[in-house]
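The values are calculated or read from the model by the stated rules, or taken from the named source; none is laboratory data. No experiment lies behind these values; they were computed from the predicted model shown. Reconstructed Cβ throughout: ideal geometry from the backbone, glycine too, with neighbour counts over all protein chains shown.
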Amino acid sequence: MKLETLIKPLGINISKEVESIEIDGLAFNSAKVEKNFIFVAISGTHKDGHEFIQDAISNGACVVVGEENLSSIGVPYIQVFNSRKALGLLANVFYENPTQHKIMIGITGTNGKTTTSYMLKHILESAGISCSLFGSICTIINGVENISTHTTLDALTLNQLMATSNDRAIIMEVSSHGLAQARVEGLRFDYCIFTNLEHEHLDYHENMESYYLAKQSLFNYLKPSGIAVIKSDSIWGERLCEYVSSLNREVIKVNGTDPTHIISNESLVLNKRHPLRYSINNRMKGKHNIENAALAFSTAVSLNIEPLDIENSFQHFSGVPGRFEMFQHPNGANFIVDYAHTGNAFSHILETANLYNPERIVHVFGFRGNRDVQKRSNMIQISLNNCHTCILTFDDLNGVPTQQMIEELTSLDPMNKCVIIPDRTLAIQYAWDLAQYNDLIVITGKGIENYQQKFELPTLSDLHTLNYLNDSFVHQNQYYL
Ligand SMILES: CC(=O)N[C@H]1[C@@H](OP(=O)(O)OP(=O)(O)OC[C@H]2O[C@@H](n3ccc(=O)[nH]c3=O)[C@H](O)[C@@H]2O)O[C@H](CO)[C@@H](O)[C@@H]1O[C@H](C)C(=O)N[C@@H](C)C(=O)N[C@H](CCC(=O)O)C(=O)O
Ligand SMILES: Nc1ncnc2c1ncn2[C@@H]1O[C@H](COP(=O)(O)OP(=O)(O)OP(=O)(O)O)[C@@H](O)[C@H]1O
């Protein structure tokens, strides 16, 4: 493709001699540059792509795009205001606007993106609309599933993969990281869905306001005819409805009180055109999953799928891997495996667990290292308020030293109300052994992830010396050893 065609959406004038340069590919990592590629230099979180420009040129870059004011780098240089946005626009043109004839659906929010996306895919496919899916569990394109590396892939990979899709619709989860890093720049959505917003990822976004603004920015990518489907009964939801209206885009509100799209119990009443009450009962229990189902239902109705067909399709919905999955212990206790990793999600899952009237609820969970630390004590409190036994364990440490996490767990539990078992396998084993008929064991945080990053536990005598061993540790020494 000629450089002139490729850079049109950047709105930048280039000289006649360089217009006709043939571009064979794009890369934003110097190591991935090949002959006749454009290299897009991005100033990132850890490294600055501008420092790799000469590497990129050695690898074959014939044009470089970047933010810094550079000259004489050896190949034509195009300076832009925002390299990440430029990458999205370039990728979209290079892959010939791969989504222009597809039904594009983006889902954002702290919790419920994956669940809503699976529900919507199920409803649409039941109605004969094939869907590609991009999300935190996997990408599914033309029915072929691959494990995901990111919830929202980088703009280049997204466009590249979307160009291979023969499906009629694309349903994608759009993370706040993805939005802040302009990974969806260049895409346009027919539907944008907002689930909810709560304390999360503040290690990256710093405060709720900037976290909200990142989420809000998805709605800037709505087509002029695009529709926002918003869970509106929260301050963030209300604010988002106002914002989207100010963009002159249609808003469908889903909530418990508004005269349009009211959710109550396990049913949904649509707007005046559909005064009937539809059941949104499915195997994924809990108020939160009813909310997710209501968002998927409302979007599907807006796509002219018959409400009764949607209602029927829910009866065959097989659920979402690692989200509200129930298993039985041979002795009659039940296990729920879930991906809850925020306070609100804990409230939802544990309140739902209580609806089963179990003898006791035992909760196993930990905290991902290097992620939002402010939410942790609230999560423990919610767990203690709802459970008979809380077992604190490790999640992936992401480079946080083992002792630091042990210290964190013990300091978060000053009254020794929890059992602390750092090794997650042993923590689950402990819960398994504890379980009796009619108990409910809830294991949250890792969903279907069947791995645990490696870590080395300090020896028992180290723990004694460091004074980490409180009653709760001693209580489970047999497991720790
Ligand atoms: C903090 C973060 O989000 N980082 C993402 C970001 O990396 P970055 O641009 O900051 O990369 P960097 O390492 O600083 O490098 C800067 C630039 O130098 C370039 N470079 C670097 C080295 C070199 O030799 N040559 C070279 O050209 C790099 O290619 C890059 O363009 O952009 C990369 C490409 O899109 C992402 O892979 C990377 O995700 C990291 C690995 C990550 O873990 N991200 C997580 C936090 C994330 O995005 N999570 C959300 C979901 C969150 C949730 O809901 O749980 C997601 O959407 O997955
Ligand atoms: N609407 C909701 N409100 C609150 N909590 C929810 C909601 N939906 C799901 N959850 C909780 O959040 C967990 C993760 O759900 P899901 O994977 O659908 O969300 P997500 O937004 O995709 O999060 P992630 O990107 O981290 O996977 C669930 O296991 C459940 O405990």
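Quick notes on this structure:
- Meets criteria (exposed (fewer than 15 other Cβ atoms within 10 Å of the Cβ) and at pLDDT below 95) for residue 355: yes
- Residues that are within 24 Å of the chain's Cα centre (by Cα) and surrounded by fewer than 20 Cβ atoms within 10 Å (Cβ to Cβ) were ranked within the stretch 323-346; the one that is nearest to ligand 1 (Cβ to nearest atom) is 325.
- Search result, residues across the stretch 78-101 that are surrounded by fewer than 19 Cβ atoms within 10 Å (Cβ to Cβ), touching an Asp or Glu at 6+ places or on another chain (Cβ under 9 Å) and either assigned by TED's automatic domain parsing to the domain that holds residue 193 or more than 27 Å from residue 229 (Cβ to Cβ) (or both): 79, 81, 82
- Flag for residue 128 being at pLDDT 95 or above, buried (at least 17 other Cβ atoms within 10 Å of the Cβ) and of a type in the set (Gly, Ala, Ser): no
- Residue 278 more than 14 Å from ligand 2 (Cβ to nearest atom), under 20 Å from residue 389 (Cβ atoms) and of a type in the set (Phe, Trp, Tyr): no
- Against the test of being surrounded by fewer than 17 Cβ atoms within 10 Å (Cβ to Cβ) and either in contact (Cβ under 8 Å) with a residue 60 or more places away in the chain or among the charged types (D, E, K, R) (or both), the options 177, 199 yield a single qualifying residue, 199.
- Entirely in the stretch 1-87, the strands (runs of 3 or more DSSP E) that have 1 or more residues that are within 13 Å of ligand 1 (Cβ to nearest atom): 25-27, 37-40, 61-66
- Hey, residue 162 on the phi < 0 side of the Ramachandran plot, within 12 Å of ligand 1 (Cβ to nearest atom) and not assigned by TED's automatic domain parsing to the domain that holds residue 371 or not: no
- Considered as a group, the residues in the stretch 416-451 that are of a type in the set (Gly, Ala, Ser) and within 15 Å of ligand 2 (Cβ to nearest atom) include one that is nearest to residue 330 (Cα to Cα), and that residue is 447.
- Selected residue [touching a helix residue (DSSP H, G or I) at 6+ places or on another chain (Cβ under 9 Å) and either crowded, with 17+ Cβ neighbours inside 10 Å or over 30 Å from residue 341 (Cα atoms) (or both)] from 29, 36: 29
- Scan of the stretch 1-52 for residues that are among the aromatic types (Phe, Trp, Tyr) and free of Cβ contacts under 8 Å to residues at least 60 places away in the same chain, ordered by number: 37, 39, 52
- Only one of the listed residues (217, 245, 234, 225) is polar (S, T, N, Q) and within 16 Å of ligand 1 (Cβ to nearest atom). That residue is 217.
- The single condition among (1) of a type in the set (Val, Ile, Thr); (2) within 12 Å of ligand 1 (Cβ to nearest atom); (3) closer than 30 Å to residue 298 by Cβ that residue 141 does not satisfy is (2).
- The stretch 164-188, subset touching a helix residue (DSSP H, G or I) at 6+ places or on another chain (Cβ under 9 Å) and of a type in the set (Ser, Thr, Tyr), residue nearest to ligand 2 (Cβ to nearest atom): 175
- Single match in 128, 109 (criterion: on the phi > 0 side of the Ramachandran plot, more than 11 Å from ligand 1 (Cβ to nearest atom) and assigned by TED's automatic domain parsing to the domain that holds residue 249): 128
- Residues of the stretch 252-265 that are surrounded by fewer than 21 Cβ atoms within 10 Å (Cβ to Cβ) and not polar (S, T, N, Q): 256, 258, 259, 262.
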